[in-house]
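Undergrad: First, the structure itself, so that you have it in front of you.
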Amino acid sequence: MRHLTATALAALALAALPEAAQACACGCAIFDVGTSSLLPSGPGGVLFLEYDFLDQTTNWSGGHSAPGANNDDKKIRSDFFVLGGQYMFNNDWGVMVEVPVTHRGFLTADSGTPEEFDHTAFGDVRIMANYTGLSNDMSTGIIAGVKLPTGDSTYANFDSDVEIGSGSTDVLLGAYHTGRLNAGGDWNYYAQIMWQHEIATEHHYTPGSELNGAVGVSFQGWTVGTTQISPLFQVIGSYRGRDGGVGDPDNTGYARLIVSPGLKADFGTWTLYADAEHPVLQSVNGNKLIAPVAFKFIASYRL
């Protein structure tokens with residue numbers, strides 16, 4: 001991939017939006033657009049390790065909170081770990097691979113009595129190609145890829161939409177653009193969009209399609225010694241359709257708008273990134289557990 005810049009987007013195609021595209025119709029997704037950290041700017045590679053935390057404890061129905069008694073699911077706590085790499089072969093073409101591992105705790109009263117289950121497993125691997133030959137400065141890119149059914153989708157104590165893997169093969173299509181807001185280049189902007197749709201499914205479960213988009217601004221005028229500090233602000237929108245097949249399709253699918261302040265620090269070949277993603281508008285089908293905030297941390301190393 002490329003070198004990380006202040007307007008950089010993160011792992012573009014990680015849809016999912018917080019939102020982005022994952023196996024969890026209840027909203028326990030991590031691969032979202034708008035993570036401002038890994039946009040290419042020249043040939044070369046980047047390795048990164050990402051951690052996301054999501055604690056879904058509030059029952060939601062339609063556009064507002066609802067009594068917890070209306071939902072048999074009481075709590076979903078997820079720790080996501082993603083090891084990834086990107087490599088730009090030249091100024092036009094590159095690839096990205098992401099390998100996730102998830103630990104999930106699930107408290108449910110499906111059986112009539114509250115029971116809590118914990119499970120750790122590999123998630124669904126993503127492989128994506130990045131084309132940046134639309135502009136000489138690589139500011140515009142197109143992403144196409146696939147999500148593979150490598151994650152565990154058969155853990156007996158999880159519902160279909162709570163499984164760590166979806167059991168589906170999905171196509172990923174997206175695009176992004178970055179630019180400057182002022183002549184000096186201290187203020188930058190970006191926009192991106194990502195669509196995910198299943199093309200093959202397993203276990204009679206079909207995850208809903210997702211569309212995620214983000215716009216953001218960043219400021220890279222601060223330095224502390226040799227470290228560049230870049231605050232940023234993002235607005236992320238996500239839509240997920242209802243699931244199909246087994247499970248509980250009536251209680252799946254959502255639309256939401258999220259604001260996400262963040263901070264990025266560049267020093268040498270290392271970049272550290274963190275943000276907090278707060279939903280400000282959301283509407284869900286049926287009853288669904290939501291989290292008041294999601295946290296993301298990324299450490300990346302430029303080869």
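The values are calculated or read from the model by the stated rules, or taken from the named source; none is laboratory data. These numbers come from a predicted model, not from an experiment. Don't worry about glycine lacking a Cβ; one is built from the backbone with ideal geometry, like all the others, and counts go over all protein chains shown. These accessible areas exclude ligands, DNA and RNA; they are computed on the full protein's heavy atoms, side chains included. Shrake-Rupley method; radii C 1.70, N 1.55, O 1.52, S 1.80 Å.
Undergrad: Short version: what are the Cα gyration tensor semi-axes of the range 121-177, square root of 5 times each eigenvalue, largest first, in whole Å?
TA: Working: eigenvalues 215, 15, 12 Å².
One finds semi-axes of 33, 9, 8 Å for the range 121-177.
Undergrad: Highest mean first, what order results for 59-66, 220-227, 203-210, 175-182 on Cβ atoms within 10 Å?
TA: On the way: 59-66: 14.9, 220-227: 12.0, 203-210: 21.1, 175-182: 16.8.
Sorting 59-66, 220-227, 203-210, 175-182 by mean packing, highest first, produces 203-210, 175-182, 59-66, 220-227.
Undergrad: Follow-up. If you average the sequence gap of Cα pairs under 8 Å that are 6 or more apart and divide by the length of the range 94-231, what percent do you get for the contact order? If you can, show how the numbers build up before the last one.
TA: Working: 306 pairs, mean separation 22.0, N = 138.
That works out to 16 percent.
Undergrad: How do Val82, Val215 stack up against each other in accessible area, from largest to smallest, with a 1.4 angstrom probe? Write down the numbers at each step before the final one.
TA: Details: Val82 0, Val215 80 Å².
Ranked from most to least accessible, the order is Val215, Val82.
Undergrad: Continuing with this model, one more query. Once you list every other residue whose beta carbon is under 13 Å from the beta carbon of Leu232, what net charge do they have if Lys and Arg are +1 and Asp and Glu are -1? Let's see the in-between values first.
TA: Numbers: positive: Lys264, Lys296; negative: Asp186, Asp266, Asp275, Glu277.
Local net charge: -2.
Undergrad: Just subtract the alpha-carbon distance of Tyr131 and His203 from 0.36 nm times their residue separation and send over the number in nm, one decimal. Mind dumping the intermediate values first?
TA: Values: separation 72, 0.36 × 72 = 25.92 nm, distance 3.42 nm.
Contour length minus the Cα-Cα distance gives 22.5 nm.
Undergrad: Got the relative contact order for the chain handy, in percent, Cα pairs under 8 Å and 6 or more residues apart? Mind showing how you got there, number by number?
TA: Working: 1019 pairs, mean separation 62.1, N = 303.
Over the chain, the number comes to 20 percent.
Undergrad: Given 0.36 nm per residue, what is the gain on full extension from Tyr51 to Thr169 after removing their alpha carbon distance, in nm? Spell out each step's value before the answer.
TA: Numbers: separation 118, 0.36 × 118 = 42.48 nm, distance 2.36 nm.
Taking 0.36 nm per residue and subtracting the Cα distance, the gain is 40.1 nm.
Undergrad: Stretch Val235-Asn90 to full length: gain in nm at 0.36 nm per residue minus the Cα-Cα span? Walk me through the numbers before you get to the answer.
TA: Working: separation 145, 0.36 × 145 = 52.20 nm, distance 3.07 nm.
Result for the pair: 49.1 nm of gain on full extension.
Undergrad: Order Ile142, Ile76 by their accessible area, 1.4 angstrom probe, all chains in place, largest first. Don't skip to the end; give the middle numbers.
TA: On the way: Ile142 75, Ile76 0 Å².
Order by accessible area, largest first: Ile142, Ile76.
Undergrad: Residues of the range 41-77 with backbone nitrogen within less than 18 Å of a virtual label 7 Å along the Cα-to-Cβ line of Tyr301, please, listed as ranges.
TA: 44-51
Undergrad: How many Å³ per residue does the convex hull of the Cα positions in the chain occupy? Before the final figure, lay out the partial values.
TA: On the way: hull volume 33.1 nm³, N = 303.
Spelled out: Cα convex hull of the chain, divided by residues, is 109 Å³.
Undergrad: Follow-up. Counting heavy atoms of the protein chains only and a 1.4 Å probe, report the per residue accessible area for the range 32-136 as a whole number of Å².
TA: Details: 4490 Å² over 105 residues.
Ligands and nucleic acids excluded, the figure is 43 Å² per residue.
Undergrad: Next question. If Lys75, Lys288 are ordered by their accessible area, calculated over protein heavy atoms with a 1.4 Å probe, which sequence runs from highest to lowest? It would help to have the intermediate numbers written out before the result.
TA: On the way: Lys75 70, Lys288 5 Å².
The residues order as Lys75, Lys288, largest area first.
Undergrad: Given contacts defined as C-alpha pairs under 8 Å and at least six residues apart, what's the relative contact order of the range 156-303, whole-number percent?
TA: After rounding, I find 16 percent.
Undergrad: Residue by residue through the range 273-282, what is 3J(HN,Hα) from phi via Karplus (6.51 cos²θ - 1.76 cosθ + 1.60, θ = phi - 60°)? Round to whole Hz and write x for glycine and proline.
TA: Rounded to whole hertz, the list is 9, 8, 8, 10, 10, 10, x, 10, 9, 7.
Undergrad: What is the spin-label model distance, in nm, from Ala276 to Thr154 if the labels are put 7 Å beyond Cα along the C-beta direction?
TA: Taking the two extended label points, one gets 4.2 nm.
Undergrad: Rounded to the nearest 0.05, what FRET efficiency do Ala183 and His103 have when you use their Cβ-Cβ distance and R0 = 51 Å? Mind showing how you got there, number by number?
TA: Numbers: r = 47 Å, r/R0 = 0.92.
Plugging the Cβ-Cβ distance into 1/(1 + (r/R0)^6) gives 0.60.
Undergrad: Separate question: Accessible area of the range 38-175 with a 1.4 Å probe: how many percent of it is carbon plus sulfur? Could you put the intermediate results ahead of the total?
TA: Numbers: 3390 of 5750 Å².
On the range 38-175, the fraction of accessible area on carbon and sulfur atoms equals 59 percent.
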